[in-house]
Every structure is written in C-alpha cells, then in structure tokens.
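The values are calculated or read from the model by the stated rules, or taken from the named source; none is laboratory data. This structure is a prediction, so every number in the text was calculated from the model and none was measured. Virtual Cβ from ideal backbone geometry, glycine too; neighbours counted across all protein chains shown. The area values use the complete protein model at the heavy-atom level, side chains included, leaving out ligands, DNA and RNA. Shrake-Rupley method; radii C 1.70, N 1.55, O 1.52, S 1.80 Å.
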Amino acid sequence: MNNPNELTVTIGGLERTLPTVRAGNLGRVPLVEFIGDSEFTNVAAQELVALIPAQTEVLLTVVTNALPLTHELSDRSGLPYVCARKKRRTYMQSPLIQEVPSMTLGVTETLWLDGPHAERLRGRRVAIVQDVIASGGTAQALARLVERAGGTVTGYLAAFRQGEPPMSVTVLQDLPRSL
Amino acid sequence: MNTFKVQVGAVTRDLPIVPVAPGVSVALFNMLGDTEVTEAAGCELARLLPADIDVLVTPEVKALSLAHVISRESGKPYIVIRKTQKPYMVEPVAREVVSITTGKPQLLVLDGFDVQKIRGRKVAIVDDVVSSGGTLHSIRQIIEEVGGEVAAVVAVFTEGQERPEVTALGHLPLFEN
C-alpha cells in the first residue's frame, strides 16, 4: 500500500495511483496522466466545471495532456475551447508566437496560436485550463496569448497544483512537488 | 476563401481549402477546439466499433479528444502514441513517418509501459483523417511489433483515395490546382 514511489489521489470518489519519476535533486516527482484514462478525465471535469470562473466565455488550453480534460469541460459547460500548440504547423495563418519562461536550465518552450483561433479570443473573457499548474510559466504564457489576442483572463483552472505558481489558481487538489 | 462542406452526424462544417504542396490543396479538418464535432464523431464511431475490440490506439495530437470520447462511449481503454520521446518512457518503441500535412519526417513513439496493454489484444486505430496512410502504416507496424492485432481502423474522414479497410464517417477529396 505505502509504496514510497507512488502517490494515491482520489477525485470524485475515484482513486488513482500516480507513478513517480526521478527528477534530479528534487527526488521523485508524481506524474498526473489524464491521457488514456477517460474515467479519471470525466470525474475531474465533473468537479472542475462548477469552478469555471463566472462570466467566462471561452476556455484556452495547450497540447497535450489537458486536452481530453478541456474537451470534457467544454462539453459540460457549453463553452467553446481554443488550443495552443507547441510547434508551428504549416497551415497556420499569422500565428501568435509566445515564449514560455522555463524552469529547466536553458530550455525554452514556444507556444503557437493559429491566427483564426486567436480571433476567437478577441473581446472574450477567457479561462486558462491545464491539467497541472506547477511553476505557472505555461499559464503565464497562455495568459499573455489571451491579452495579445485582445481577450481578458477570468482565471486559471487546473485539476492539480504542484508547487507555488505566482498567480491565484483554482484547483481540485494540491500535489507535493516531490516525495 | 474556398471551403468544402462536410457533415458529421447532425453537425455540418465548412472546411477551409488550404494548399499543402505545389498544386495540391486539402480541406483542412481540425477537431482541436471543436467540441461539437468531436462529440458527434466520437459517439458515431463508438457505435460503429466492432464489439470484439479490446483497446484503442491513437496518434497524438488532433485525434486525442476523439479517442477520449470513443473510449468514454464504448468503455474501451485508449492509448496515445506520442510524437516525441518522453524522459519518463520505459523502453519506448519508435517509428518514423513522413506526414502529408507537415512534409517532414515525424517520429511515432509508444511508451514501453503501454506494450502490455496491446500485446495479444485486438486493437482499433483511431485517427481524425486517414490520407496517404503513412501514419496509419507506421502505427500498424508498431502495434504488430509489440504483438497486437489491428482489427479495425476508424477515422472521421478518409482523404484522397478510397480506403475500404477504414471505417469512416465521410470522405475528403484532394484538390488539384
């Protein structure tokens, strides 16, 4: 039961054992995986849908891990969602390009928001959706995309917080940074 | 902009026709951010899924929410083949493919952790659009290499040539100009 390399979480009565990976001198970091687990995705969406900030008109997420969760939130709330990519696609038209300030040494990540998708944020109140918010770097980059597209951010929504992001986030649970 | 009208269940969309190579354009179908189409297609494809399928396998990224909906509706688990190797993967199985929409070699990677969920099982491959079949071919190779049997291929659309082996809800032409 008490395997020191695992962490058990319960959402909406559904229990999942999270694997952990060794991450340098941080020790073992628990990994959340919604991909491949539609049942876990559904209970998390069910709990999160009530927490979507009032007045939100559009959800914004980023590939890949939060995609099924955001889809379910969108389906349950009736709010459309927009998805930023991490690579340029050939079909993108006038994409917004946003660097993510990264915690990892020297490695930066870039978000790409296709022009027509950015258009769906213009003048809209937008909630940022992620599976996990840790350093908050990706969340900040997504918020910046909202502003650059002419929208306003209503809040940050995630299933889990893992660390101390600089912004106020609405989550179902806190996870330890490491075990 | 020229568009091509498609119907998915009760939902219709006008897809933009965009050039992808000299002289060739495609009707761009992108389910990312289209909850209504994803739900309509997922529910319909779940209904068409052969009963003896054990597990769904889908390539990252665009068909991911579709696989989630088919999984939710059918009760069958789904596995995602990633396009980059992740540091946490255990003994990953990889293949390279050239994609029609990117024109570049694309890596497909199955986490070794997922191998046991495919070995000896009947697998349905889930994709948004099956076009040249390059991605499909590589995914099939990966599944067979780890001992799974590809028993069905389901997609929202086939594109270009007809593909009788694919269970699809519609067909997209290639546009030559």
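I want the antiparallel fraction of DSSP beta bridges within region A:38-174, as a percent rounded to 5. Beta bridges within region A:38-174, antiparallel portion: roughly 25 percent.
Largest first, the three principal axis extents of the alpha carbons in chain B are 46, 34, 29 Å in whole numbers. Remark: mean inter-chain Cβ contacts per residue of A:31-44 equal 4, using a 10 Å Cβ-Cβ cutoff to other protein chain atoms.
Cross-link partners for B:LYS5 among the aspartates and glutamates, with Cα-Cα distance under 15 Å and sequence neighbours closer than 8 places in the same chain left out: B:ASP14, B:GLU159. Averaged over the residues of B:23-36, the number of partner chain Cβ atoms lying within 10 Å of the residue Cβ comes to 4.
Per-residue extension of 0.36 nm, minus the Cα-Cα distance of A:GLN173 and A:TYR91, leaves a gain of 25.7 nm for this segment. Counting charges near A:GLU164 (Lys, Arg +1; Asp, Glu -1) among other residues having Cβ under 12 Å from its Cβ returns a value of +1.
Inter-chain Cβ neighbour count for A:60-72, averaged per residue, equals 5 (cutoff 10 Å, partner chain atoms only). The dipole here belongs to region B:3-176: it is taken about the Cα centre, uses +1 on the Cβ of Lys and Arg and -1 on the Cβ of Asp and Glu, and is about 260 debye. Mean separation of Cα pairs under 8 Å and 6 or more residues apart, divided by the residue count, gives chain B a relative contact order of 21 percent.
Taking the 1.4 Å solvent-accessible surface of region B:3-176 as the whole, the part contributed by carbon and sulfur is 50%.
Explain nothing, just the number: dipole magnitude of region A:38-174 about its Cα centre with +1 on each Lys and Arg Cβ and -1 on each Asp and Glu Cβ, in debye rounded to the nearest 20. Display every interim value, and only then the final one.
Values: 13 positive and 13 negative charges, 111 e Å.
In debye, rounded to 20, region A:38-174 gives about 540.
Its relative contact order, with pairs defined as Cα atoms under 8 Å and 6+ residues apart, puts chain A at 21 percent. Probing with 1.4 Å while keeping every protein chain in the model, the per residue accessible area of region B:86-177 equals 48 Å².
Please identify, among A:ASN42, A:ASN65, A:ASN25, the residue showing maximal mean-square fluctuation in a Gaussian network model of chain A using a 10 angstrom Cα cutoff. Of the options given, A:ASN25 has the highest mean-square fluctuation. When only the Cβ of Lys, Arg, Asp and Glu is charged (+1, +1, -1, -1), the dipole of the protein assembly as shown relative to its Cα centre reaches about 760 debye. Share of carbon and sulfur in the accessible area of region A:39-114 stands at 52%, probe radius 1.4 Å. Given R0 = 56 Å, the distance between the Cβ atoms of A:GLN55 and B:ALA51 translates into a calculated FRET efficiency of 0.80. Using a probe of 1.4 angstrom and keeping all protein chains present, the accessible surface of region A:38-174 works out to 42 square angstrom per residue. Applying the Karplus relation 6.51 cos²θ - 1.76 cosθ + 1.60 with θ = phi - 60° to region B:146-155 yields 3J(HN,Hα) values of 9, x, x, 10, 7, 9, 7, 10, 10, 8 Hz, where x marks Gly and Pro.
Note on region A:38-174: along the principal axes its Cα atoms extend 36, 35, 26 Å, ordered by decreasing extent.
For chain B, what does the helix formula give at 222 nm: sum of -39500 (n - 2.57) over DSSP H segments with n ≥ 4, over the residue count, nearest 500 deg cm²/dmol? Could the numbers behind the result be given before it?
Values: 3 runs with 37 residues, N = 177.
Dividing the helical sum by the residues of chain B leaves -6500 deg cm²/dmol.
Over all pairs of different C-alpha atoms, the protein assembly as shown has a mean inverse distance whose reciprocal, the Kirkwood radius, equals 21.0 Å. Counted residue by residue at 0.36 nm each, then reduced by the alpha carbon distance between them, the extension gain from B:THR3 to B:HIS137 reaches 45.3 nm. The DSSP beta bridges internal to the protein assembly as shown are antiparallel in roughly 45% of cases.
Of A:LYS86/B:LYS122; B:LYS76/B:LYS117; B:LYS86/B:LYS122; B:LYS83/B:LYS117; A:LYS87/B:LYS122; B:LYS62/B:LYS83, which ones are farther than 21 Å apart at the Cα?
Values: A:LYS86/B:LYS122 32 Å; B:LYS76/B:LYS117 11 Å; B:LYS86/B:LYS122 26 Å; B:LYS83/B:LYS117 19 Å; A:LYS87/B:LYS122 33 Å; B:LYS62/B:LYS83 12 Å.
Checking Cα-Cα distances, A:LYS86/B:LYS122; B:LYS86/B:LYS122; A:LYS87/B:LYS122 exceed 21 Å.
Projecting label points 7 angstrom from Cα along Cα→Cβ for B:GLN161 and A:ASN5 puts them 4.7 nm apart. Restricting region B:104-168 to GluC sites (Glu not before Pro) that sit in a DSSP loop and have at most 10 other Cβ atoms within 10 Å of their own Cβ leaves B:GLU162.
Rounded to the nearest 100 Å², what is the sum over both chains of accessible area buried where B meets A, with a probe of 1.4 Å? Can you show the working numbers first?
Numbers: alone 8860 and 9370 Å², together 15920 Å².
Between B and A, the summed buried area is about 2300 Å².
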